[in-house]
Amino acid sequence: MSTRVIAIDGPAGSGKSSVARALAAALGWSFLDTGAMYRAVTVEALRQGVDVSNEEAMGDLAREVQLSTLPRVSVNGRDVEDEIRTETVNEAVSIVAANALVRHQMVSRQREFAEAQPLGTVVEGRDITTVVFPHATVKVYLTASLEERARRRGEEGEASVARRDVADSTREASPLRQAPDALVIDTTGREVGDAVEEIIQWLKNKTLS
Ligand code: CDP
């Protein structure tokens, strides 16, 4: 299989989006923010009045919904770039993300997306190194202290970030885990560019060896 993927996982505020975006730009690869997909499905459910804890109804919605993350996040053709970051969505998204039917739909779309990219894709989320692309060219686990991660998340606050950490790492369906062969980078007090350089170096070593 020739799909080239750099898979990045990590908890809320660990720097995944910033690092993945900058890395994709540096390599000329595509970028996929999978968290935005779970958030967009959540926004649409709330808009339609679907009960987010109704597994079947959410599975149906996830199958039928039209999703796009670039250039802006949209759902069924509606721009939701700003709406996906609201407090209401922060609260509901972990319930949606714990639904195995929803995850199944999102994972298929993520694989399809990467397969269609001409050069490669930097994909970031919670289960990318473990479930979506376990054979990725390079796997990275980003982390940072809770204090710093909460600071980066601003308005959301430390309590909500910590609650999502627990929900994401203890759920039954594809919990957040560190893959044994992942390059672990603690971004506490470090610049985005530092992590990007470290990953590019790791990629070079991998492709040369
Ligand atoms: O704001 P933050 O970077 O923490 O979150 P995000 O990457 O936008 O993801 C939002 C939520 O989606 C997470 O808290 C997870 O519950 C879920 N998610 C997931 O379960 N699997 C992924 N691959 C990506 C996100």
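Some points to look at:
- In sequence order, the range 160-170 has phi-based couplings of 5, 4, 5, 5, 5, 4, 5, 4, 6, 9, 10 Hz under the Karplus curve 6.51 cos²θ - 1.76 cosθ + 1.60, θ = phi - 60°, and Gly or Pro positions carry x.
- Principal semi-axes of the equivalent ellipsoid, √(5λ) from the alpha carbon gyration tensor of the chain, are 26, 20, 15 Å from largest down.
- Listed by chain and number, the lysines placed with their C-alpha closer than 19 angstrom to that of residue 16 are 139; residues fewer than eight positions away on the same chain are left out.
- Within the range 19-89, the proportion of Cα pairs with more than 17 Å between them is 46 percent.
- Share antiparallel - DSSP beta bridges, the chain, percent rounded to 5: 20 percent
- Heavy-atom accessible surface of the range 5-208, averaged per residue, reaches 47 Å², computed with a 1.4 Å probe.
- Each peptide among 102-109, 185-192 gets the average number of other Cβ atoms lying within 10 Å of its residues, and from highest to lowest they stand as 102-109, 185-192.
- Dipole orientation for the range 52-209: of the candidates 201, 185, 98, 201 has the Cα lying most toward the positive pole (charges on Cβ; Lys, Arg +1; Asp, Glu -1).
The values are calculated or read from the model by the stated rules, or taken from the named source; none is laboratory data. This structure is a prediction, so every number in the text was calculated from the model and none was measured. When we count neighbours, we look across all protein chains shown, and the Cβ atoms used for this are built from the backbone with ideal geometry, even at glycine. The protein model used for the area step is the full one, side chains on, heavy atoms only, and it has no ligands, DNA or RNA in it. Shrake-Rupley method; radii C 1.70, N 1.55, O 1.52, S 1.80 Å.
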